[in-house]
Amino acid sequence: MRTKRAKAATTSGTSRIRPRTRPLRKRARTAAVGVLTGGLAAVSVLTTAGTAQAADTLGGAAAQSGRYFGAAVDPGHLGEGDYASALNREFNSVVAENAMKWDATEPNQGQFSFGAGDQVVSHARSKGMKVRGHTLVWHSQQPAWVRGLTGDSLRRAMIGHISGVAGHYRGQISSWDVVNEAFEWDGSRRQSNLQQQLGNGWIEEAFRAADAADPGAKLCYNDYGTDGINAKSDAIYRMVKDFRNRGVPIDCVGFQSHLDSNADLSTYRQNLQRFADLGVDVEITELDVGGSGAAQARVFRDVTAACVAVSRCTGITTWGVTDKYSWRSQETPLLFDSAYRKKAAYGAVLDVLNGARN
Ligand code: G3I
């Protein structure tokens, strides 16, 4: 059970990870505990001169500025030696790629199945890693029994699901993707069964239910195609601003950032900053970059640089450990290739993270 207050992390013989200097909000303290404990495994060592050496792992480098660097995991691969050692060495945060989604956790109404998700959580806790929760409510990967529901039946099902899953993991999740992908490219609401049956208020209802189930977790809205200032990110910005003005419990916005090597990132940092200025944290939640070599490395570098330039950007998660198991493996989008070798983009990310150490 995470405490709500970030503790200064001390370890015998190695450096202290300095807590973030800004005051932490209730939920953010939970995240910080994860960062502080999660970073211990790979913390940099103070030299005699008292200046920190560069860290040699992604999680260790990120922890130097109070951030995390995570990966989406499939518990089915945790028994593979190379997968587990890359995960345990390099990352201080995890998210279940599929194991905590609606179809996986509530295959039949009121009958919950947490085995795979619990595997991810227990692995993470054994390694001092944070755990992101993904995702409580999404139009995709709904179990068959949900699809035919209408009106209040669907509302009760949604709230029951949120309560059941967020309640099960209460105190173990640093931040939940409460709602995933509810907007279209033009900024209109996606006409999902949730939108059509429940009306515009369903997103707020979902956040309030998640807050009731786990008041200690940060509650995030998560989406893709928001990698700059555009019609979609504008619509989400308006929603977050409205939520903040009305006291709807929202603590962060997740930017999936499924990118290609020719991505236009000209307003990426500005976009992160404007959300942070609303008083929420921002997290890069599903980063992968199709391509290879220097072009791919540049995009990973620029995204990482944007995150470390925004104080409320609490961390980055890549959508997988290795190209071998990526959902877009043909595009080789991750930092480790199919043989778990570090790619050029790995070095680019590590350099930016080490450059950001406090
Ligand atoms: O578990 C079943 C298995 O029993 C069955 O034999 C197999 C073949 O049909 O399918 C398995 O389910 C697959 C599941 O991944 C678990 O492997 C689904 O078919 C497949 O559609 C699903 O794909 C996932 C996808 O979300 C679903 O939309 C990807 O792995 C996952 O990387 C992807 O992740 C999403 C994020 O959740 C949200 N943001 C976008 C991102 C990429 O689409």
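None of the figures in this text is laboratory data; all of them are computed from the coordinates on show. Everything numeric in this text was worked out from a predicted model, so none of it was measured. So basically every Cβ, Gly included, is an ideal-geometry build from the backbone, and we count neighbours across all protein chains shown.
Data for the structure
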quantity: P(r) of segment 113-249 over all Cα-Cα pairs, binned every 10 Å from zero, in whole percent; calculated: 11, 40, 35, 13, 0
quantity: Helix 202-213 vs. the chain, principal-axis angle (Cα, 0 to 90°, nearest 10); calculated: 60 degrees
quantity: Over the chain, volume per residue of the alpha carbon convex hull, in Å³; calculated: 126 Å³
quantity: Rounded to 10°, Cα long-axis angle of helix 151-168 versus longest principal axis of the chain; calculated: 30 degrees
quantity: Value of relative contact order over segment 301-342, rounded to a whole percent, pairs C-alpha under 8 Å and six or more apart; calculated: 27 percent
quantity: Filtered trypsin sites (Lys or Arg not before Pro), segment 105-193: DSSP coil and at most 11 other beta carbons within 10 Å; calculated: none
quantity: Phi-based couplings in Hz for segment 251-266 (Karplus 6.51, -1.76, 1.60; Gly and Pro marked x); calculated: 10, 7, 10, x, 10, 4, 6, 8, 10, 10, 5, 9, 4, 8, 10, 4
quantity: Label point distance in nm, Gln330-Gln197, each placed 7 Å from Cα along Cα→Cβ; calculated: 3.4 nm
quantity: Percentage relative contact order, the chain, counting C-alpha pairs under 8 Å, at least six apart; calculated: 15 percent
quantity: For Val95, residues with placed amide H under 5 Å, excluding near neighbours; calculated: Ala71, Ala72, Val73, Arg132
quantity: Across the chain: Cys residues that no other cysteine approaches within a C-beta distance under 4.7 Å; calculated: none
quantity: 20 Å cut-off, amide nitrogen to a point 7 angstrom out along Trp185 Cα→Cβ, residues in segment 261-285; calculated: 261-268
quantity: Spatially near lysine pairs across segment 122-243, Cα under 23 Å, sequence gap of 8 or more or different chains; calculated: 5
quantity: Computed FRET value (nearest 0.05) for Ser311 with Ser266, which takes r as the C-beta separation and R₀ as 22 Å; calculated: 0.55
quantity: Folded to 0 to 90 degrees: helix 26-40 orientation relative to the chain principal axis, Cα; calculated: 40 degrees
quantity: Relative contact order for segment 123-211, counting Cα pairs under 8 Å that sit 6 or more residues apart, in percent; calculated: 41 percent
quantity: Antiparallel content of DSSP bridges confined to the chain, in %, to 5; calculated: 10 percent
quantity: In segment 138-206, chymotrypsin sites (Phe, Trp or Tyr not before Pro) in a DSSP loop with at most 13 other beta-carbon atoms within 10 Å; calculated: Trp185
quantity: Two-site label geometry, Arg238 and His139: point separation in nm, points 7 Å out along Cα→Cβ; calculated: 1.7 nm
quantity: Estimated D of segment 74-186 in µm² per second, where Rh is the Kirkwood radius over Cα pairs and Stokes-Einstein applies at 10 °C, 1.306 mPa s; calculated: 106 µm²/s
